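K.L.:
Got a structure here, written out as structure tokens. Questions coming.
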Amino acid sequence: MALPQKHRLRGVKVFDRLYRQGRRFHGTWLTLRVLPAVSSLLPTRDRPHPPSAWRCAVVVSSKVSKRAVRRNRLRRLLHQELLRHPLTTERPLWLVFSLKPGSVDADASLLLGECQQLLRKAELR
């Protein structure tokens with residue numbers, strides 16, 4: 001299942017800012033970037049009233065797997081985990097999970113465990 005619209009992160013300016021200024025948390029198969037939300041950078045169609053507490057994107061490059069089916073499976077796996085255990089944050093945040101090459105071969109439970117570990121490191125759990 002995909003993330004609801006209100007939790008999806010979009011926009012070139014948003015990703016540029018996240019990759020430049022976001023705090024990074026590294027794991028074996030994932031990297032988490034976190035940045036306080038700046039709603040003025042969102043595309044106008046994505047500026048909800050009131051704003052969502054968090055927005056997230058899962059980036060799976062073709063270096064992880066050349067097969068789109070496998071990349072989409074990994075993306076859906078992390079989306080389901082975020083929906084099953086929603087973030088509790090006092091301030092609006094933007095998050096980007098980037099999967100590293102080799103993560104396609106990792107067990108799903110290990111990936112989900114690392115996702116939870118990175119969120120705890122970022123003090124979001």
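K.L.:
Does segment 9-39 hold any residues that are assigned to a helix (DSSP H, G or I) and either aromatic (Phe, Trp, Tyr) or surrounded by 18 or more Cβ atoms within 10 Å (Cβ to Cβ) (or both), and which are they?
P.N.:
14, 15, 18, 19
K.L.:
Would you mention how many residues in segment 43-69 are more than 16 Å from the chain's Cα centre (by Cα) and either closer than 20 Å to residue 11 by Cα or among the polar types (S, T, N, Q) (or both)?
P.N.:
Count: 11.
K.L.:
Moving to a separate point now. Report the residue count in segment 18-32 for those that are touching a residue at least 60 places away in the same chain (Cβ under 8 Å) and within 16 Å of residue 91 (Cβ to Cβ).
P.N.:
Qualifying residue count for the region: 3.
K.L.:
Check whether at least one residue in segment 53-68 is out of contact with any strand residue (DSSP E or B) (no Cβ under 6 Å at 6 or more places or on another chain), in a helix (DSSP H, G or I) and farther than 21 Å from residue 24 by Cα, and report yes or no.
P.N.:
Within segment 53-68, one or more residues are out of contact with any strand residue (DSSP E or B) (no Cβ under 6 Å at 6 or more places or on another chain), in a helix (DSSP H, G or I) and farther than 21 Å from residue 24 by Cα.
K.L.:
Any residue that is modelled with pLDDT under 95, small (Gly, Ala, Ser) and either touching a Phe, Trp or Tyr at 6+ places or on another chain (Cβ under 6 Å) or more than 12 Å from residue 32 (Cβ to Cβ) (or both) - is there at least one of those in segment 58-69?
P.N.:
no
K.L.:
If you don't mind, another one. Of all residues in segment 87-119, count the ones that are surrounded by fewer than 15 Cβ atoms within 10 Å (Cβ to Cβ), touching a residue at least 24 places away in the same chain (Cβ under 8 Å) and either under 15 Å from the mean Cα position of the chain (by Cα) or assigned to a helix (DSSP H, G or I) (or both).
P.N.:
Of the residues in that region, 4 qualify.
K.L.:
How about segment 41-57: which of its residues are within 17 Å of residue 3 (Cβ to Cβ) and at pLDDT 85 or above?
P.N.:
Result: 53, 54, 55, 56, 57.
The values are calculated or read from the model by the stated rules, or taken from the named source; none is laboratory data. Because the structure is a prediction, the values reported are computed rather than measured. Note that each Cβ is placed from the backbone with ideal geometry, even for glycine, and that neighbours are counted across all protein chains shown.
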